[in-house]
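Heads up: the structure comes next, in structure tokens.
The values are calculated or read from the model by the stated rules, or taken from the named source; none is laboratory data. Note that this is a predicted model, so its numbers are computed, not measured. Every residue, glycine as well, gets a Cβ built from its backbone with ideal geometry; the counts of neighbours run over all protein chains shown.
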Amino acid sequence: MIDSVEWRPDRAAEIIAGHAGTEGAALPILHDLQAEFGHVPAEAVPLLAEALNLSRADIHGVVSFYHDFRDHPPGRHLLHLCRAEACQSVGGDALAEHARARLGAGWGQTSTDGALTLEPIFCLGLCACAPAAMLDGQVIGRLDQARLDAIIDEARAR
Amino acid sequence: MGLIKEIDFGTPASTATTLVELTIDGFAVQVPEGTSVMHAAMDAGISVPKLCATDTLDAFGSCRLCLVEIDGRAGTPASCTTPVTAGMVVHTQTQRLAQLRRGVMELYISDHPLDCLTCSANGDCELQDMAGAVGLREVRYGYEGENHLAATKDESNPYFTFDPAKCIVCSRCVRACAEVQGTFALTIEGRGFESKVSAGGVDFLGSECVSCGACVQACPTATLMEKSVIAAGQPEHSVVTTCAYCGVGCSFKAEMRGQELVRMVPWKDGQANHGHSCVKGRFAWGYATHRERILNPMIRASIDDPWREVSWDEAISHTASEFRRIQASFGRNAVGAITSSRCTNEETYLVQKLVRAGFGNNNVDTCARVCHSPTGYGLKTTFGTSAGTQDFDSVDHSDVILVIGANPTDAHPVFASRMKRRLRGGAKLIVVDPRRIDLVRSAHIEANCHLPILPGTNVALLSGLAHVIVTEGLVNEAFVRERCDLAEFTAWAAFAAQPRNSPEQVGLICGVSPELIRQAARLYATGGNAAIYYGLGVTEHSQGSTAVIAIANLAMATGNIGRPGVGVNPLRGQNNVQGSCDMGSFPHEFSGYRHVSDTATRESFAALWGVALDDEPGLRIPNMFDEALAGGFKALYVQGEDIVQSDPDTHHVTAGLAAMECVVVQDLFLNETANYAHVFLPGSTFLEKDGTFTNAERRINRVRRVMVSRSGMADWEITIALARALGCEMNYANPGEVMDEIARMTPTFAGVSYEKLDRLGSVQWPCNEAAPQGTPVMHIDGFSRGAGRFVITDYVPTDERTGPRFPLLLTTGRILSQYNVGAQTRRTDNVVWHEEDVLEIHPHDAEQRGVRDGDLVRLASRAGETSLHARITERVAPGVVYTTFHHPQTQANVITTDFSDWATNCPEYKVTAVQVSPSNGPSAWQQSYEAHAAVSKRIADPAEAAE
């Protein structure tokens, strides 16, 4: 379960202030914001720019560079499917197709019931147990269609 | 005449003095240490293919086109990021390199539209040139793969478009915005194939972009392109000229198609701007062909009559007969003239000659009266020369920069970019300003201390700084002993040390903490090379001259004079403020700041002009209005100024003008002053005439005509015609001959000629036998007056005080997109950034008055009242409000008073006690003024007029 609260500028300001004076604070702040709110909304950009004395474009460049930073809240759960070569060689592509069809959601999208957001990821370091995935931060190896369906069903139920 | 193309060396020049020798393609090349291989090759005339490199930006090494082979080194390093080493043997063209480059180019072109024939950059596209240079003949990848060709154009900026479909993501625009302009409004969004240039995820107009044009200039393709080029096509010839906006004096290439101006491009060899520009000079030139330009002379008997268009002959002879009639009835001194800081040196010189030799009096003044006259007075008193001490390049050598009463990012943007670059390079910054201007804190720069003093307390603050320097032993005694008058210094030091000047005492007056004052003083005195930059926030006060003197005192006391990186730098408002002062357009001075009572100077002019000259100073601008109201001043010739809008206390100005019998306005448009005029002489824009402007660093720059005068007469020709009609002979075939006379008659200009300006690009006066190439930094071996002179600067509060009726202090200023009275910029697309003057007010003051953001408010002072919209902001301190004076609908100067500098009468624009209250409509003045303006601006139908 993604444990996040609704966007609140005053809370964001608190998080940012917590990093005052630290060098290279942009990424730690962005991580903390995403941990708190589940995403980094566009409204956060001017706050960061002001606090770090950078331009809004500077911050936008950083946020958009990292795929992990979302600009929309995710579903209740977050499923990362590995798209790297080792997983592809043992059926990762088909599994990915299956997941997309099953959820009715493309990469970076959330199933219409709001249960799951599907994200691609490039190598979880689990090549020996490919195909691999990660659900809400828990890695899962030796995935097949049945296990994937079970994971999805369970996630939907929670 | 062709298109001027500057050589692009690819990377900036190295400033090292040690030379390194290497071989490039078999040629021996000697370059300074630290030069890139690419730059060294170009020095030898060898052009290495490149896309992401350009010599205004640091090397980046991303495009992979400039690869070279170097003997003894593995691989193919990028020539832009590889510095030269002694004995290096470089090959820029080999079979291997050709294949690599062609392969790289194939990748670029596989994701680029193939619409070269209909592309706006056709004829000026580096991508196309490089495709040719590498011999691209096919793209093996095809064009069907994933691409960006369907990306949508961003046309939100009024002056240029951003077409991401044509972008090769070389980052030149992003780097130009950061390195050159210092705004950081652009970034690369995303990564990998998804990388694209972005104005921060929003459109350009909604972004932090200030529309300086640096990105457009840096773009090697049609991705960022001037809309004027898209509309017209590529220019065919260019003429180098000087911008007619602020006192930075940027050099531009006017790129033309016949008589049509296609675009203004900052000239890389321009010694003031080094190839950079701002939104005004770069883009806001459309006023030259605006439909409201008046192109025919006009006259009328009364200011309530409609204008009647007449021939030049009739207009000139009518004016001359009116001036003679008035002088016959009311005396020789009943007429005068005002010169303009927007006109050329030559034009200004001719107007003062017309007054002195033709009118037979000294009633000539210039708009510098209302901006930098205290600079002339203060710096002449202390140093001996009425001008700033440095060139702009000097800032590169500063360790500490003190900005007081100036807002460079709005008013002198190109210099501000330079200053910000130095700040990012490590210089420390002190800002003294009632407002939190952008320099106090904006992306990548932050002032080490900001002293938000109350308006009107500069002198007290400067005394506080002096106190710390004197009492904490921070005086540079060796400098003072060697360069300055010791007795005067001793008296000054004793004054500065008095307890009433301590930070604890002056802090109470200025409203800032004593500790902040001490910190600023210590930083200025001990931080290395310290330079002071100041603007109208220093001069436009009842103690403007005192503040300039106090600044000079600080610089002398700390030895910060006479070398690069230091000095006292007035940031001049208009393009030719320095020049109009130099040219003798003050009522008490001939050219070169020589008093009219100086017999030798006066007699030399009398001999040259063949007339006797008055040895008594004439009327200053404010005195002209006073005299007019007293009945003794009846006719005024105003060249290129809009005194109704720009001068303080509008009621007084308009009453004075209305009391005159012949007001002659020479301008591009029916400005506000023309509402009180009897003769209108249509002037010419800077694009339509030859001449020179002198910028804030004393640099004399050439203005070159790029199109014929639309009204038929350049301004200098109009003055000559008027002089001749008055029987004052002026024989000049061209402005160059006027400059020859100026040089002959003015010691500091003795070495100036158009031939020299053409040869050297520009020169900074003094330019004479002692300094034939001009003088970038002054007072190097001693002050021009001999010993530097310390003057005691007692703080005397202004008589303009807040009280129960007027509890707030109004201070006025400028904004980036508009210029002065706005006559030019309001007639361009710059209005998208600033369509009206607004009143900045602190949330606390707004709440007390029930004012919400965007509300219409009444702004009232003892002098008058107006209505405008409020903007609630913490940029201003509680108790202070701020507005601009760019729009005649607001007329901020209805509010300002007739208080002025004790020495020079420079008006106290920066301090007016006001009250702000909610309003539901324009003030009575606005209504009556608008009604009069509507009547007065009418032009009679020619058919009707003939009846």
> Which ones in the range B:183-193 are surrounded by fewer than 24 Cβ atoms within 10 Å (Cβ to Cβ) and under 22 Å from B:Leu423 (Cβ atoms)?
Replying inline: B:Phe184
> Does the range B:324-335 include one or more residues that are farther than 27 Å from B:Glu603 by Cβ and part of a loop (DSSP other than H, G, I, E, B)?
Replying inline: no
>> Cβ contacts < 7 Å: first residue more than 21 Å from B:Leu859 (Cα to Cα), restricted to the range B:891-911; second residue aromatic (Phe, Trp, Tyr), any location; separation 6+ or different chain. Result?
In response: B:Ala903/B:Tyr377; B:Thr904/B:Tyr377
> Residues that are in contact with a Ser or Thr (Cβ under 8 Å, 6 or more places away or on another chain) and within 14 Å of chain B (Cβ to nearest Cβ): which helices (runs of 4 or more DSSP H) entirely in the range A:1-97 hold 1 or more of them?
Replying inline: A:44-52, A:56-65
> Which residues, counting only those in the range B:125-145, are within 48 Å of the chain's Cα centre (by Cα) and at positive phi?
Replying inline: B:Gly135
> Only one of these conditions is not met by A:Cys82: (1) without any contact (Cβ under 8 Å) to a residue 40 or more places away in the chain; (2) surrounded by 20 or more Cβ atoms within 10 Å (Cβ to Cβ). Which number is it?
Replying inline: (1)
> Of A:Ile2, A:Ile16, which residue is over 15 Å from the mean Cα position of the chain (by Cα) and either touching a residue at least 40 places away in the same chain (Cβ under 8 Å) or surrounded by 15 or more Cβ atoms within 10 Å (Cβ to Cβ) (or both)?
Replying inline: A:Ile16
>> I'd like the residue in the range A:124-158 that is in a helix (DSSP H, G or I) and within 23 Å of A:Gln34 (Cβ to Cβ) and, out of all such residues, is modelled with the lowest pLDDT.
In response: A:Ala155
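Yes/no matrix, rows are residues, columns are (1) crowded, with 17+ Cβ neighbours inside 10 Å; (2) out of contact with any strand residue (DSSP E or B) (no Cβ under 8 Å at 6 or more places or on another chain):
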site	(1), (2)
B:Gly75	no, yes
B:Ala78	yes, no
B:Val89	no, no
B:Gln95	no, yes
B:Met105	yes, yes
B:Arg137	no, yes
B:Asn147	no, yes
B:Asn157	yes, yes
> Which is under 14 Å from B:Leu810 (Cα atoms), of a type in the set (D, E, K, R) and not assigned by TED's automatic domain parsing to the domain that holds B:His450, of B:Glu836, B:Glu840, B:Glu874?
Replying inline: B:Glu840
>> Looking only at the range B:497-546, how many residues end up being within 15 Å of B:Ala466 (Cα to Cα), charged (D, E, K, R) and touching a residue at least 12 places away in the same chain (Cβ under 8 Å)?
In response: 3
> Quick check: anything in the range B:194-202 surrounded by fewer than 23 Cβ atoms within 10 Å (Cβ to Cβ) and assigned to a helix (DSSP H, G or I)?
Replying inline: yes
> Got at least one residue in the range B:490-507 being of a type in the set (Gly, Ala, Ser), more than 20 Å from B:Gly559 (Cα to Cα) and surrounded by fewer than 21 Cβ atoms within 10 Å (Cβ to Cβ)?
Replying inline: yes
> Restricting attention to the range A:30-60, and to residues there that are β-branched (Val, Ile, Thr) and over 16 Å from the mean Cα position of the chain (by Cα), which single residue is surrounded by the fewest Cβ atoms within 10 Å (Cβ to Cβ)?
Replying inline: A:Val45
>> I'd like the full set of residues that are at pLDDT 95 or above and not aliphatic (A, V, I, L, M), limited to the range A:20-33.
In response: A:Pro28, A:His31, A:Asp32
> If B:Ala487 satisfies every condition in (1) of a type in the set (Gly, Ala, Ser); (2) surrounded by 18 or more Cβ atoms within 10 Å (Cβ to Cβ); (3) without any contact (Cβ under 8 Å) to a residue 24 or more places away in the chain but one, which is the exception?
Replying inline: (2)
>> Just to be sure before I move on: is B:Leu461 buried (at least 23 other Cβ atoms within 10 Å of the Cβ), free of Cβ contacts under 8 Å to residues at least 60 places away in the same chain, under 28 Å from B:Thr912 (Cβ atoms) and more than 14 Å from every other protein chain (Cβ to nearest Cβ) in the structure I sent?
In response: yes
> What are the residues in the range B:193-205 that are more than 10 Å from every other protein chain (Cβ to nearest Cβ) and over 32 Å from the mean Cα position of the chain (by Cα), if any?
Replying inline: B:Phe193
>> So for the range B:444-454 (the condition being free of Cβ contacts under 8 Å to residues at least 40 places away in the same chain, out of contact with any helix residue (DSSP H, G or I) (no Cβ under 7 Å at 6 or more places or on another chain), within 14 Å of chain A (Cβ to nearest Cβ) and part of a strand (DSSP E or B)), does at least one residue qualify?
In response: yes
> Pairs, please: C-beta under 6 Å, at least 6 apart or cross-chain, first residue closer than 19 Å to B:Met225 by Cβ and in the range B:273-287, second in a loop (DSSP other than H, G, I, E, B) and charged (D, E, K, R)?
Replying inline: B:Gly275/B:Lys268
> Looking at B:Gly145, is it at pLDDT below 95 and away from chain A (no Cβ under 14 Å)?
Replying inline: yes
>> For the range B:61-112, give me the residue count where each residue is assigned to a loop (DSSP other than H, G, I, E, B), of a type in the set (A, V, I, L, M) and touching a residue at least 12 places away in the same chain (Cβ under 8 Å).
In response: 5
>> So, in the range A:98-111, how many residues would count as being in a loop (DSSP other than H, G, I, E, B) and either more than 14 Å from chain B (Cβ to nearest Cβ) or hydrophobic (A, V, I, L, M, F, W, C) (or both)?
In response: 6
>> Looking only at the range B:167-193, filter to residues that are outside any loop (DSSP other than H, G, I, E, B) and of a type in the set (S, T, N, Q); which one of those is nearest to A:Phe65 (Cα to Cα)?
In response: B:Thr187
>> Among the residues of the range B:206-220, are any in a loop (DSSP other than H, G, I, E, B), within 14 Å of chain A (Cβ to nearest Cβ) and free of Cβ contacts under 8 Å to residues at least 24 places away in the same chain?
In response: yes
> Could you list, in sequence order, the residues of the range B:113-128 that are among the aliphatic types (A, V, I, L, M) and either closer than 14 Å to B:Pro49 by Cβ or in a loop (DSSP other than H, G, I, E, B) (or both)?
Replying inline: B:Leu114, B:Ala121, B:Leu127
> If only one of B:Ala244, B:Ala254, B:Ala231 is away from chain A (no Cβ under 14 Å), of a type in the set (A, V, I, L, M) and in a loop (DSSP other than H, G, I, E, B), which one is it?
Replying inline: B:Ala244
> Name the residues in the range A:112-123 that are part of a loop (DSSP other than H, G, I, E, B) and crowded, with 17+ Cβ neighbours inside 10 Å, would you?
Replying inline: A:Ala115
> If we keep just the residues of the range B:566-612 that are buried (at least 16 other Cβ atoms within 10 Å of the Cβ) and acidic (Asp, Glu), which is farthest from B:Trp765 (Cα to Cα)?
Replying inline: B:Glu589
